[in-house]
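The values are calculated or read from the model by the stated rules, or taken from the named source; none is laboratory data. Because the structure is a prediction, the values reported are computed rather than measured. FYI the Cβ positions are ideal-geometry reconstructions off the backbone, even for glycines, and counts take in every protein chain you see.
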Amino acid sequence: MRVLNKAVIGSLIGAGILAFSTVGASAAIVCSDNACWHVKDSYSYPSEARVIVHKDDWKWDTNEKYSWREHEGRGYWHGDRWMDMK
């Protein structure tokens, strides 16, 4: 009985830690012109970037023409060129 209680308590603690660790995540979809990409953190973009930040569950309408252009790192698409931000 003790082993079962310890297993249940351990599972509850693990689930609680996992739940609290996902609360701080701030994923989003960012679009510039017709290019969109996912970001894991909130960034401040310069005004010349002309990006629009959407919630992570955002989807474009059927009459809109966007494309996914994923890229690692912090930055934004400017035409066909990735602009790094430090």
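Of all residues in segment 56-66, exactly one satisfies the criterion of being surrounded by fewer than 10 Cβ atoms within 10 Å (Cβ to Cβ) and touching a residue at least 24 places away in the same chain (Cβ under 8 Å), namely K65.
Counting only strands (runs of 3 or more DSSP E) wholly contained in segment 47-86, the ones carrying 2 or more residues that are hydrophobic (A, V, I, L, M, F, W, C) and within 14 Å of the chain's Cα centre (by Cα) occupy 51-55. Within the set A49, A25, the sole residue that is surrounded by 13 or more Cβ atoms within 10 Å (Cβ to Cβ) and either modelled with pLDDT of 90 or more or among the small types (G, A, S) (or both) turns out to be A49. Do you know which of the residues in segment 30-46 that are of a type in the set (G, A, S) and not in a strand (DSSP E or B) is surrounded by the most Cβ atoms within 10 Å (Cβ to Cβ)? My answer is S42.
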